[in-house]
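The values are calculated or read from the model by the stated rules, or taken from the named source; none is laboratory data. Just so you know, these numbers come straight off a predicted model, no measurement behind them. Here the Cβ is made from the backbone with ideal geometry for all residues, glycine too, and neighbour counts use every protein chain on show.
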Amino acid sequence: MTEPLVQVRNLEKHFPVRGGVLQRTTGWVKAVTGVSFDIAKGETLGLVGESGCGKSTLGRMLVRLLDPTGGSILFENVDIATASGNELKTLRRDVQMIFQDPYSSLDPRTQVGSSIAEGLKIHGIGDSDEVQERVSEMLELVGLERHHASRFPHEFSGGQRQRIGIARALILRPRFVVADEPVSALDVSVQAQVLNLLSELQQELDLTLLFIAHNLAVVEHVSDRVAVMYLGDIVEIAHRDDLYREPQHPYTEALLSAIPIPDPTLKRDRVVLVGDVPSPLNPPTGCKFHPRCPIAHLGVCDIETPHLEYVAEGSIHEASCHLRTGAYRHLDPSRTNT
Ligand code: SF4
């Protein structure tokens, strides 16, 4: 991997659960439980998992919309997790977020040109002519037209509004962007257009991207590497082709098996997961996936916590599964949960 732009180490986020008349803390929801990974300059890392797995919480910490409970996020040797004052203000120019629902982040009474220009004004960049010119250029860059600057959000389609959201995020020319489910609220017919736009912009503006989605089919086309999250942990991370061709974690296998194949002559065995994602308030012991895992080996999987390990010597493919890596690789999977 080329030089990392972002280095995440042991990142955690715990939310307090309050109860009673005095609203005392009665427990903690451990949304992200100590994840570590790098993102190389110019790379797109896809981050997938079911809703509630902690991926959006992780993304929000990377742009410091949420304060981490522990761990570090190094961006060119500055720790986003603890930055404050001017250091944090400078980071906010370099690190931006594209949201799932651009409509909720756009003021319905503000012309889209003013919404896009907001970041420039906050950072005191350019006089009014320069601001107007940069907004016009950005509108063209995202496939809209200069005159759209004077229109209001309700005058645009869902796909166009997401283009406006992208323009807002990119107006400061950030170097690292977290895109949180940027196409999930869009019609399938316009999803591909927005995905293509993001890929083009990444090339043109030399962006580094964390692309969050609940669907492995969506991240396949935009990602260089893919990380799979389950209940606050990254359970597998690999180069895109390795992960799609030879997934090692049973959870990744299950997610992949749900993707329809557009060829009726090909068949893929569907791995149906039993039960729902357990509560992060009271996660299962050992491997958190064991109550749903079709190959769980009870006596090991429900007791010992697996950690990310390389699946083979010299490989960059990592998975956290006792039966696929490490000392218990020799165990026969017993279908104890089916
Ligand atoms: Fe399944 Fe055990 Fe691997 Fe967890 S460690 S994924 S329960 S086989």
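The residues on offer are Val6, Val17, Val21, Val35, and the sole one that is assigned to a strand (DSSP E or B) and surrounded by fewer than 18 Cβ atoms within 10 Å (Cβ to Cβ) is Val17.
State yes or no: is Pro153 at pLDDT below 95 and away from the ligand (no atom under 16 Å from the Cβ)? Yes, satisfied.
Here's the yes/no breakdown for (1) of a type in the set (A, V, I, L, M, F, W, C); (2) in the same structural domain as Ala31 (by TED's automatic domain parsing); (3) under 17 Å from the mean Cα position of the chain (by Cα):
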position	(1), (2), (3)
Met61	yes, yes, yes
Leu66	yes, yes, yes
Gly71	no, yes, no
Asp79	no, yes, no
Thr82	no, yes, no
Leu88	yes, yes, no
Asp101	no, yes, yes
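Put simply, of Ile295, Ile316, Ile261 the only residue that is closer than 17 Å to Leu47 by Cβ, assigned to a loop (DSSP other than H, G, I, E, B), out of contact with any Gly (no Cβ under 8 Å at 6 or more places or on another chain) and modelled with pLDDT under 95 is Ile316. Of all the criteria given as (1) modelled with pLDDT of 95 or more; (2) among the β-branched types (Val, Ile, Thr); (3) over 26 Å from the mean Cα position of the chain (by Cα), the one not satisfied by Thr110 is (1). A single member of Leu323, Leu308 is modelled with pLDDT of 90 or more and either surrounded by fewer than 16 Cβ atoms within 10 Å (Cβ to Cβ) or out of contact with any strand residue (DSSP E or B) (no Cβ under 7 Å at 6 or more places or on another chain) (or both), and it is Leu323. Scanning the range 308-324 for residues that are near the ligand (Cβ under 7 Å from one of its atoms) and among the aromatic types (Phe, Trp, Tyr) returns no hits.
The set of residues from the range 77-96 being over 19 Å from Ile171 (Cβ atoms) and touching a strand residue (DSSP E or B) at 6+ places or on another chain (Cβ under 7 Å) comprises Asp79, Ile80, Ala81, Glu87. Scanning the range 273-307 for residues that are away from the ligand (no atom under 12 Å from the Cβ) and within 23 Å of Ile237 (Cβ to Cβ) gives Val277, Pro278, Pro280, Pro283.
Take the residues of the range 41-95 that are in a helix (DSSP H, G or I) and among the basic types (Lys, Arg): which is farthest from Phe176 (Cα to Cα)? I'd like the intermediate steps shown before the answer.
Taking the range 41-95 as the starting set, the residues that turn out to be in a helix (DSSP H, G or I) are 55-62, 85-94.
Then keep just the ones that are among the basic types (Lys, Arg); that gives 55, 60, 89, 92-93.
Details: Lys55: 17, Arg60: 13, Lys89: 15, Arg92: 10, Arg93: 9 Å.
Filtering the range 41-95 for residues that are in a helix (DSSP H, G or I) and among the basic types (Lys, Arg), the one farthest from Phe176 (Cα to Cα) comes out as Lys55.
Restrict the check to the range 153-162 and report whether at least one residue is part of a helix (DSSP H, G or I) and among the hydrophobic types (A, V, I, L, M, F, W, C).
no
Show the residue pairs that are 6+ apart or on different chains and have beta-carbon atoms under 6 Å apart, the first residue being within the range 271-288 and free of Cβ contacts under 8 Å to residues at least 60 places away in the same chain and in the same structural domain as Gly299 (by TED's automatic domain parsing), the second being basic (Lys, Arg) and assigned to a loop (DSSP other than H, G, I, E, B). As it stands, the answer is Leu273/Arg292; Gly275/Arg292, since those pairs meet every condition given.
Here Ser315, Ser320, Ser279 are screened, and the one residue that is touching a Leu at 6+ places or on another chain (Cβ under 8 Å) and hydroxyl-bearing (Ser, Thr, Tyr) is Ser320. Once the range 137-162 is narrowed to residues that are free of Cβ contacts under 8 Å to residues at least 24 places away in the same chain and over 29 Å from the mean Cα position of the chain (by Cα), the residue that is nearest to Leu106 (Cα to Cα) is Glu155.
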